[in-house]
Amino acid sequence: MNGDRQSGRPDWRRVALGLGVPFVAIVPVAAFLGFLSWTIMGIPVILIWMFAWFPLTSLCLWLCEQRS
């Protein structure tokens, strides 16, 4: 995260994309989905959500790096 090279500060949009989006998608949403008993083809929605965010987090980090 190069950000502003002169001041050494990171670009907060990239930090939000790389860290904020996955954090918000996993922590509060997973807490909410944990209370639900919904299933898709017999698999709990929380499990599908968590496994879906493994590659999506990598995608967010990749996009963050590409914007530099």
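The values are calculated or read from the model by the stated rules, or taken from the named source; none is laboratory data. Note that the structure is predicted; figures quoted are calculated from it, not measured. Cβ atoms come from the backbone with ideal geometry, glycine included; neighbour counts cover every protein chain shown.
For this structure, a couple of remarks:
- Per the listing 27, 21, the residue uniquely surrounded by 11 or more Cβ atoms within 10 Å (Cβ to Cβ) and not basic (Lys, Arg) is 21.
- Residue within segment 57-67 that is assigned to a loop (DSSP other than H, G, I, E, B) and either modelled with pLDDT under 90 or of a type in the set (Asp, Glu) (or both) present: yes
- Test: residue 10 is of a type outside the set (Asp, Glu) and at pLDDT below 90: yes
- The residue that is surrounded by the fewest Cβ atoms within 10 Å (Cβ to Cβ), among those in segment 30-55 that are aliphatic (A, V, I, L, M), in contact with a helix residue (DSSP H, G or I) (Cβ under 7 Å, 6 or more places away or on another chain) and modelled with pLDDT of 90 or more, is 40.
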